[in-house]
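What follows is calculated from the coordinates using simple rules that are stated; it is not laboratory data. This structure is a prediction, so every number in the text was calculated from the model and none was measured. A quick note on method: Cβ atoms are made from the backbone with ideal geometry, for glycine too, and the neighbour counts reach across all protein chains shown.
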Amino acid sequence: MNLTPEEISNESFKLGILIAKAMDNNDWGRFENALCNDPSVMRSRVNLSGDTFLHIATSYVNVRFVRNLVMMMPPQDLEVKNNIGTTAFEAAVVRGIKEIVEIMVHKNSNLVMIRTSKNVLPVVAAARSGNKDLVKYLYSMTPLSELSAETSRDGVSLLTNAIVTDMYDVALDLLHHYPKLVLPKDYYGLNAISLLAKRPSAFPSGFHQKGIFKCRYKNSNSIIYV
């Protein structure tokens, strides 16, 4: 539900303008002084989009402000969403700002498991954006159980996106843990086996020439010809 102007306090609105000006000048001291007068305003919504100061600092890609804000915030405040269901963390992930992502995860590791406004895990959102370094970091921080075929289609989606963007180290590691991910279709109707068949470079030397991709299931072995 969108906020109305009446639902945003004058103080929060003024501080929203202040932080924007302070970030334009990279003047943390000016904003910090305002916060010291009333620390509670850090949780306030400061515009009609329902953004917090952390949302704004992230949108400005101001690492200094984000780091200082995160240091002052309790971990749960990093999970606050704006009117469209976006956390500041999601905004950083989608834009591929790894340094900001790392700062936030260090404060609240639960962020990697909070689904985005598109209803996918952050690591999948990063994979869709094609940011390889960020994908590898988020993959290392995301519990593997969240990526199993039985849990959701996130594992399948991560796998197909990893293949499309040539992140074969991530793809192979994921398949090592969950071979069953190779067959189901992702959110866009793609599956890993069809993508791999079109990408000989995805296979170790000599592997593709054998003409098989072997998936070991719990109770049986299935050999799928590609």
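List of remarks:
- Euclidean distance of C-alpha centroids, the range 93-132 and the range 40-90, integer Å: 15 Å
- Hz values of 3J(HN,Hα) by residue in the range 80-93 - Karplus curve (6.51, -1.76, 1.60), Gly and Pro given as x: 5, 10, 8, 5, 9, x, 9, 7, 4, 4, 4, 4, 5, 5
- Residue 166/residue 17 FRET efficiency (R0 35 Å; Cβ-Cβ; nearest 0.05): 0.20
- Peptide packing for 118-128, 20-30 was compared via the average number of neighbouring C-beta atoms within 10 Å per residue; ordered from the highest value, the list is 118-128, 20-30.
- For the range 36-180, a simple Cβ point-charge model (Lys and Arg +1, Asp and Glu -1, everything else neutral) yields a dipole of about 260 debye relative to the Cα centre.
- Per-selection metrics, the range 41-170 (Cα): Rg and Dmax in Å: 14.5, 45
- In a fully extended conformation the segment linking residue 187 and residue 59 would gain 43.3 nm over its present Cα-Cα distance, using 0.36 nm per residue.
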